[in-house]
Amino acid sequence: MRRVSAKTILVTGGAGFLGSHLCERLLEQGHEVICLDNCFTGNKKNIYHLMDNPKFEFMRHDVTFPLYVEVDEIYNLACPASPIHYQLDPVQTTKTSVHGAINMLGLAKRVKAKIFQASTSEVYGDPTIHPQPEGYWGNVNPIGLRSCYDEGKRCAETLFYDYSRQHGLQIKVARIFNTYGPRMHPFDGRVISNFIIQALRGEPITVYGDGSQSRSFCYVDDLIEVMIRIMESGDEFTGPVNIGNPGEYTILEIAEKVVQLTKSSSPIQFRDLPQDDPKQRCPDINLAREQFQWEPQVDLHKGLSSTISYFEKLLSEEKI
Ligand code: NAD
Ligand code: UDP
Ligand code: UDP
C-alpha cells in the first residue's frame, strides 16, 4: 500500500461498479471517503464491506441537486453507464451528466477541490478513425437513442474545460473505454455480464448483428490504478486522456471465449443490431502510457476468469 497524505475525497456514483472499487482503493490509501449515490444502477451491496470503516461514509443523494460538503478531491462517476439503463429515462441521463457536472464543478469551485470526470469513449460515437486518439472529435448522432449519454458526456467535458479556463479549476478528464470485472450489474445488458450469465445458465448467447463489431476490454483493477494516477498528476495535466485496454476483440470472439472458459453448452444466437451501435472501438493509450508509465496488466483470459467466478458466486448465493 502506498503512503500518501490523507485527504477527504468525494466519489459520486460510489456504489456502482467502478465507484465501489475506487472507494475501496482510496480507503486502502488512508483517505476519508464520502461515497455519494442515488442507487439508480448502483447497489449498497457493492459497498457493504466498507460500511464498518470509520473513514467511509455513504450519502444517498442525486447529483442533479446541489450538494454542500467540504472535500479535497472529487471523482465524478455518477451516471448510468449501460445502454439499457441510460435509455430507461434518457432525460434524467442528460440531467445527470450536465446538471450533475455543474453542481460538482460548483462545489469544486467553492471548496477549491481537484475534480476528475469519468468521461467515455462514447464521446467518439461511431468512430471513423481507428484506434481513437484524444485529438479525434468524434462522429456522434445528436438525436439518436445513445445521444442522451454521448452528448451528455460531451457537454460535461465542455463544462469541465470552461470551469477550468473561466474559474481556474484543477480538472482531470479521462475517457474510459469498455471496462469489466466483479460488481458489474448482472442485468445491465452489457456484453460481458450478459454473455457470462447466459453461459452459466446454459441459455443462448445473444450476439447482436453478425458479431463482427469490435470492442476493447479493460479489467477494473487496471482502470482504477490509472484513474488514481491521473488524479494525483500535476496541475498542468488536465487530459482528456484515453484509458482502457487496447486489446481488441470482435463480439463473436468474446462469445466464444466466454463459452470456452465457462465450459458452457450454450449455443450462439444472432439478434438484431441496436441503433447506432459503434462498429469498432479501440483506445489509443499512448498519452496515458507516456504520462503515467501505465500499461494494463490483466489480460482478457485472466480478467474474464475472475469475472466468471464473481458471477458464479452471485448466481449461487442470490439465486438470480
Ligand atoms: P454503474 O452504473 O455501475 O455506476 C454508476 C453509478 O452512478 C451507479 O451507482 C448509479 O446508481 C449512480 N448514479 C446514476 N445517476 C445518479 C445520480 N443522478 N445521482 C447520483 N448517483 C447516480 O456504472 P459504472 O460502469 O461504474 O460507470 C461509472 C462511470 O464511469 C459512469 O460515469 C460511466 O459513464 C463511466 N464509464 C464507465 C465505463 C465502463 O465500461 N464501465 C465506460 C466508460 C465510462
Ligand atoms: N453548488 C453546489 N455546491 C456548492 C457550490 C455550488 O452544489 O458547494 C452548485 C450550485 O447549486 C450551482 C452550481 O453548483 O447551481 C454551480 O455553481 P457556480 O458557483 O459555478 O454557479 P452559480 O452558483 O453562480 O450559478
Ligand atoms: N452486445 C451483444 N450482445 C449482448 C450485449 C451486447 O452482441 O447481449 C454487443 C453490443 O451490440 C455492442 C457490444 O456488444 O456491439 C458492446 O456492448 P455494450 O453494451 O457492452 O457496450 P457499448 O456498446 O456501450 O460499448
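FYI, it's all coordinate maths here, none of it is from the lab. Quick caveat: nothing in here was measured; it's all calculated off a predicted structure. Neighbour counts run over all protein chains shown; Cβ positions are idealised from the backbone, glycine included.
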Which residues among region 160-201 fall inside the zone where the amide N is under 16 Å from a point 7 Å beyond the Cα of residue 316, along Cα→Cβ? 197, 200-201
In whole Å, how far is the Cα centre of region 183-237 from that of region 281-309? 11 Å
In percent, what relative contact order does region 58-114 have, based on Cα pairs under 8 Å that are 6 or more apart in sequence? 53 percent
Angle, helix 90-111 long axis vs. longest principal axis of the chain, Cα atoms, 0 to 90°, nearest 10? 30 degrees
Between residue 309 and residue 270, the two model label points (7 Å from Cα along the beta-carbon direction) sit apart by a distance in nm of 3.6 nm
Run the helix sum for the chain: -39,500 (n - 2.57) per DSSP H stretch of 4+ residues, divided by residue count, reported at 222 nm to the nearest 500 deg cm²/dmol. -12000 deg cm²/dmol
Could you work out which residue, out of 177, 56, 65, moves most in a Gaussian network model of the chain, that is, has the largest mean-square fluctuation with Cα springs under 10 Å? 65
Rounded to the nearest 10 degrees, the helix 300-318 long axis (Cα) sits at an angle to the longest Cα principal axis of the chain of 90 degrees
At a 10 Å Cβ-Cβ cut-off, how would you order 290, 232, 32, fewest neighbours first? 290, 232, 32
On full extension of the chain, what length is gained from residue 201 through residue 290, given 0.36 nm per residue of separation minus the C-alpha to C-alpha distance? 27.8 nm
In percent, what relative contact order does region 22-106 have, based on Cα pairs under 8 Å that are 6 or more apart in sequence? 28 percent
Can you quote the Å³ per residue value for the convex hull of the Cα atoms in region 147-237, rounded to an integer? 132 Å³
What angle do you read, to the nearest 10 degrees and between 0 and 90, between the alpha-carbon axis of helix 220-232 and the longest principal axis of the chain? 20 degrees
Bin by bin, in steps of 10 Å, what percent of the Cα pairs in the chain do you find, going until the bin that has the longest distance? 6, 27, 37, 23, 6, 0
Region 184-299 pair-distance distribution - Cα-Cα, 5 Å bins, rounded %: 2, 11, 18, 19, 16, 13, 10, 6, 3, 1, 0
Are there any trypsin sites (Lys or Arg not before Pro) in region 222-316 that are in a DSSP loop and have at most 16 other Cβ atoms within 10 Å? List them by number. 263, 279
For residue 6 and residue 248 in one chain, what is 0.36 nm times their gap in residues minus the Cα-Cα distance, to one decimal in nm? 83.3 nm
Computed over the chain, the relative contact order (Cα-Cα under 8 Å, seq sep at least six) in percent reads 17 percent
If you take the beta carbon distance between residue 48 and residue 130 as r and set R0 to 35 Å, what does 1/(1 + (r/R0)^6) give as a FRET efficiency, to the nearest 0.05? 0.25
